[in-house]
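Down below is the structure, laid out as structure tokens.
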2 protein chains.
Amino acid sequence: MFRTHTCGQLRIADKDTTVTLAGWVQTVRKFGSITFVDLRDRYGITQLLFSESLNAELDANPLGREFVLQVTGTVNERSNKNNNIPTGDIELLVTTFKILNKSITPPFTIQDDTDGGDDLRMKYRFLDLRRNAVKKNLELRYAVGRSTRNYLHENNFMDIETPFLIKSTQEGARDFVVPSRMNAGQFYALPQSPQTFKQLLMVSGYDRYYQIVKCFRDEDLRADRQPEFTQIDCEMCFVEQEDILQMFEGLVKRIFKDVKNIDYTDVVERMTWENAMWTYGNDKPDIRFEMKLTNLKFPSHTFLGQQDISSLISGVDFKVFDEAETVIAVAATGCSEYTRKQTDELTEWVKRPQVGMKGLVYIKCNIDGTFKSSVDKFYSEAKLKAIAEAANAKAGDLLLIVAGAEERTRKAASDLRMYLGSQLGLRKTEEFKLLWVLDFPLFEYAEEDNRWVARHHPFTSPKPSDIETMIGNDPTINNAAEYLKHPYANIKANAYDMVLNGNEIGGGSIRIFQKELQQKMFAALGMDEQEQQHKFGFLLGAFEYGAPPHGGIAFGFDRLCSILGGSESIRDFIAFPKNNSGRDVMIDAPSTIDDKQFDELQIKLDLKS
Amino acid sequence: MFRTHTCGQLRIADKDTTVTLAGWVQTVRKFGSITFVDLRDRYGITQLLFSESLNAELDANPLGREFVLQVTGTVNERSNKNNNIPTGDIELLVTTFKILNKSITPPFTIQDDTDGGDDLRMKYRFLDLRRNAVKKNLELRYAVGRSTRNYLHENNFMDIETPFLIKSTQEGARDFVVPSRMNAGQFYALPQSPQTFKQLLMVSGYDRYYQIVKCFRDEDLRADRQPEFTQIDCEMCFVEQEDILQMFEGLVKRIFKDVKNIDYTDVVERMTWENAMWTYGNDKPDIRFEMKLTNLKFPSHTFLGQQDISSLISGVDFKVFDEAETVIAVAATGCSEYTRKQTDELTEWVKRPQVGMKGLVYIKCNIDGTFKSSVDKFYSEAKLKAIAEAANAKAGDLLLIVAGAEERTRKAASDLRMYLGSQLGLRKTEEFKLLWVLDFPLFEYAEEDNRWVARHHPFTSPKPSDIETMIGNDPTINNAAEYLKHPYANIKANAYDMVLNGNEIGGGSIRIFQKELQQKMFAALGMDEQEQQHKFGFLLGAFEYGAPPHGGIAFGFDRLCSILGGSESIRDFIAFPKNNSGRDVMIDAPSTIDDKQFDELQIKLDLKS
């Protein structure tokens, strides 16, 4: 061993002992005839003191930033202590030193506030990883993984590895494929998730399975998507939805405790998908703050049973609202005194292409009880007051209203709420609020093919009460315009998403375990029997031999870590991430392969250019 | 939840309580008016008793093997207890039952001694996994993994995930490659190991890294090789060989304790590679038994410094020995009274193509002190005695001698020793003997290219004392015939293998961490600077920025589990293994992909009919 202690270990109790350390030179400071060096390793930083007697040797062997150094010396009490670091009471009076390896000058500083840009740090990721900020993220990731494993172990889950070289079925996203040399002309696919394998393990009676496992999706990368990502993948036998919810809120609470020392004692809230869409405009609401949406107007075929209050805004010939499918209001708490500049900025914000609104109506609910709006010429003060009351806007609030087509407007209202939440400091990094979203629709309508697609995946069971509807009806959509009237449009899934601070961190479902229902599902998705057999024959077969009721969940491990770490970017929590073109710029991959490889795999390029 | 207890949980203390169980029907036995059912889940088996009152319902809903059943009833004390199972004191008197799912008749019995052949069980792996024998293996695998994680955690190792979509460098085996859609014409490779990434993590200062991780090799599969396999992959900073040996024999001892409840208190033996080859004929000797080899004759250029005793067998005009490069003897303990049939069988055994000897010479060292051999007409009794003494054969032993070309003969002698060890019951499944094999040659000679190849991999450091030799000499082999005289032929690697019961379970090395030495290594392997830069530029670059001394090891997780489980086959310890053609016959992969996929990936098939 090149050391007796680490750089984070020595304390005043070690005074006068002789020790050997090894690490990296963080800084070199020369004061007259003595030299101070901060020596760094994973565990901390220790100050080294080179006295005058070593000057000649230091001159012959000058130290530089990031040199690898081994030193032996005596632990001294420091004259001026540093309370910011655990080793701050001591320093090492060096007697001998050895440069184990040199370093050329790094392209950026190895500090929390580095001067390195994103691209440079990606290319020299091995140096970026030395920075404390990145190291903390990977340590947190390890802690989350360990906490997860401990909790699941204590609850009788078994880690069982599933294969990586599987079969391309292309449900959902695109598969990465792997040409097989031994089976020329055929390909493996890399798993998008171990879904069917974990279900088979339930059929095999393994009862409780988990894996922290890499998954792969060949998608066009949006910011913060990675072609390979990690899931905490779980499945249980003989359970109903309630069992899963309790088991896995337990997991997340345990992670809070182990990793953040947070006792999450609140009841985890639950909300139906429809309520989430109605109240927050999206299916993963951030419930750390209120500012719920008010649906002033909505299309007649949606949100059946909700009260129509559109009379509040109609009848004054305000075309923007009259012609809009949907009108939604958000009350920005305490913002009634926003200046013209501020309301203009908000208007510009909703008009950005990402949000896509044509404009923004505001109503200032002044503290003195009066109202002032951008639509004063259409609405009397009494009308403004009525609208404000319906939207739960109190004196001092600023009511913001967007209008347009249902889907876009609802999303815009949600985006606006989130934006305001951030602006008003209501989305606190160190506050955590969990939420279950339940009762998703089982199907979505795919216009281009005039057929159903699975909202979650084809293995999700309908709610028990909807199984009859599904079995008893023909999935064919005869009248595309009226697809919403098809019985399948109202089937709810036995599915659940776990939402943390406005991010979906996990999702799952109770699965179909009956062969007939699974076949009906495949058929609903447009798969004929031959295709069903080709892609999922093994699963349909397995369901014939005593498949138990089962269900599960998968958590996005990268995302979970990034939220716990208070970051927007999952890339910060991955040791060697890829960029938005799916490239690892450090190793320069992907790259060309040689002729022999093409030859052996019996494939060739077919470039369109 | 579909149950209140598992099928392995109920005891006599639960007598008279009402419980609900769910599981699979193992057996149905009808005795007159009552019916016994063994209900099975992952945790055990519980006997159910259906009394006469349920007969009508049972007739209407007959139970069959592997049906999924939910039952509620009262815990009864059994009249005739079954001491073979933990629940054997009780039975459940059923009050209500529900068939949760039916099963058609399985293609083989779900029992330890199944009637299913290998192919059938692979196709219906989900049923095979229900068998207790297979379940035990996967439970053992999970226990080994958990023990590993706990030990490494306690020793400050961090689990850090490395990428799966990397770059093809084809050092050693063939890479599996993955066409990149977003970077058309380019390919990722799946990692053969995380080798360079774990080294980068050391350069980044992570100090102690581990991962239990899938690796991939596109090799022609021999029996018991899998295209995807799992490694326990570890790396440490600031260590020398001794530190690694101690840390990881600690790991294996911990696994013995946690998984097998074995206190492995013996000192772990160590042996040089040369000694292993000399004494056992291979580099992973099984030291559970003696029967060391005796080198009666060996080529002059090998095993320098060992005593030449070939005069013992020469000078009698026995051409088989005179013309052989190598003659090696093994003394089979206590076998002097083998019959002609038995010695003939041994002769046939060494003549099998896998062993490849032309024949076998034997000398019976009779209990009465006389000798009888298959070469009596060449060797006097005195000569036979001298040979037997040199080979440590005692009265009662049977000395077996093979002769031929060095490499094949040494391997044959080793194979013969192992075969005899098995035949004589000296290789006990439940006895475990660890061994470190050290000081491997750094290079092997590749005749076809007349160059060096790395015996371990190109990142292994030479022994400190050999670094000068490596740096100071030109790797070019000018005279192919005399490559053994090249200074590189004698360079020893700073590498180590851990051997358990004659199997290599792990191997590793102290790594090169100096840029110049790494470049010299690449050059020795025939890589010019451009190729070095293309393939490993990132690593050479990293070595310029303060790379610390480091080393590591990787264990073959599948193999380790199979040995601990007392099996020859790793396939038994993998949930979803592939067959010898690299196929998953259950899901039928690899398989064809569709035109759209080819189109998007911009590749096409190039089949050589």
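The values are calculated or read from the model by the stated rules, or taken from the named source; none is laboratory data. Since we're looking at a predicted model, the values are computed, not measured. Counting neighbours? That spans all protein chains shown, and the Cβs are built from the backbone with ideal geometry, glycine included. We work out accessible area using only protein heavy atoms, side chains counted, and drop any ligands, DNA or RNA first. Shrake-Rupley method; radii C 1.70, N 1.55, O 1.52, S 1.80 Å.
Here are some notes:
- Residue among B:388, B:393, B:403 that is assigned to a helix (DSSP H, G or I), open to solvent by less than 60 Å² (accessible area, probe 1.4 Å), more than 30 Å from residue B:549 (Cα to Cα) and touching a residue at least 12 places away in the same chain (Cβ under 8 Å): B:388
- Check on residue A:411, touching a Gly at 6+ places or on another chain (Cβ under 7 Å) and outside the structural domain of residue A:248 (by TED's automatic domain parsing): yes
- Residue match in the range B:513-522 (condition: assigned to a loop (DSSP other than H, G, I, E, B) and open to solvent by 20 Å² or more (accessible area, probe 1.4 Å)): yes
- Of the residues making up the range A:519-542, those that are within 14 Å of chain B (Cβ to nearest Cβ) and touching a residue at least 60 places away in the same chain (Cβ under 8 Å) are A:535, A:536, A:538, A:539, A:542.
- Single residue of the range B:551-588 satisfying the filter (surrounded by fewer than 24 Cβ atoms within 10 Å (Cβ to Cβ) and assigned to a strand (DSSP E or B)) that is farthest from the other protein chains (Cβ to nearest Cβ): B:554
- Test: residue A:203 is at the interface with chain B (Cβ under 9 Å from one of its Cβ atoms), in contact with a Phe, Trp or Tyr (Cβ under 6 Å, 6 or more places away or on another chain), free of Cβ contacts under 8 Å to residues at least 24 places away in the same chain and buried (at least 21 other Cβ atoms within 10 Å of the Cβ): no
- The range A:359-385 - residue that is surrounded by fewer than 12 Cβ atoms within 10 Å (Cβ to Cβ) and of a type in the set (D, E, K, R) and, of those, nearest to the chain's Cα centre (by Cα): A:368
- Residue B:187 being within 25 Å of the chain's Cα centre (by Cα), at the interface with chain A (Cβ under 9 Å from one of its Cβ atoms) and open to solvent by less than 30 Å² (accessible area, probe 1.4 Å): no
- Residue match in the range B:102-117 (condition: within 30 Å of residue A:229 (Cα to Cα), within 13 Å of chain A (Cβ to nearest Cβ) and touching a helix residue (DSSP H, G or I) at 6+ places or on another chain (Cβ under 8 Å)): no
- Number of positions in the range B:214-242 that are under 17 Å from residue B:175 (Cβ atoms), more than 9 Å from chain A (Cβ to nearest Cβ) and open to solvent by 10 Å² or more (accessible area, probe 1.4 Å): 6
- Within the range B:92-130, considering residues that are open to solvent by less than 20 Å² (accessible area, probe 1.4 Å) and of a type in the set (D, E, K, R), the one nearest to residue B:567 (Cα to Cα): B:128
- Odd one out for residue A:533 among (1) crowded, with 19+ Cβ neighbours inside 10 Å; (2) more than 11 Å from the chain's Cα centre (by Cα); (3) not in a strand (DSSP E or B): (1)
- Selection within the range A:246-284 - among the charged types (D, E, K, R) and assigned to a helix (DSSP H, G or I): A:249, A:253, A:254, A:257, A:258, A:260, A:274
- Within the range B:347-378, the set of residues being without any contact (Cβ under 8 Å) to a residue 60 or more places away in the chain and in a helix (DSSP H, G or I) comprises B:347, B:348, B:351.
- Single unsatisfied condition, residue A:41 versus (1) open to solvent by 40 Å² or more (accessible area, probe 1.4 Å); (2) in contact with a Leu (Cβ under 9 Å, 6 or more places away or on another chain): (1)
- Entry remark, the range B:133-179: residues being open to solvent by 30 Å² or more (accessible area, probe 1.4 Å), closer than 30 Å to residue B:445 by Cα and away from every other protein chain (no Cβ under 11 Å) number 2 in total.
- Hits in the range A:594-605 - residues which are assigned to a loop (DSSP other than H, G, I, E, B) and at pLDDT below 95: A:594
- Candidates in the range B:193-213 are the residues that are in contact with a His (Cβ under 9 Å, 6 or more places away or on another chain) and of a type in the set (S, T, N, Q); of these, the one that is nearest to residue A:143 (Cα to Cα) is B:199.
- Close Cβ contacts (under 6 Å, 6 or more residues apart or on different chains) running from residues in the range A:176-193 that are in the same structural domain as residue A:582 (by TED's automatic domain parsing) and farther than 14 Å from residue A:163 by Cβ to residues that are open to solvent by 30 Å² or more (accessible area, probe 1.4 Å) and among the charged types (D, E, K, R) comprise A:181/A:600.
- Any chance residue B:564 is closer than 30 Å to residue A:123 by Cβ, out of contact with any strand residue (DSSP E or B) (no Cβ under 8 Å at 6 or more places or on another chain) and in contact (Cβ under 8 Å) with a residue 60 or more places away in the chain: no
- In the range B:467-518, the residues that are within 33 Å of the chain's Cα centre (by Cα) and among the small types (Gly, Ala, Ser): B:489, B:493, B:495, B:502, B:506, B:507, B:508, B:509
- Some residue of the range B:106-116 being in a loop (DSSP other than H, G, I, E, B) and assigned by TED's automatic domain parsing to the domain that holds residue B:29: no
- Of the criteria (1) within 14 Å of chain A (Cβ to nearest Cβ); (2) open to solvent by less than 20 Å² (accessible area, probe 1.4 Å); (3) not in a strand (DSSP E or B), which one residue B:291 fails: (1)
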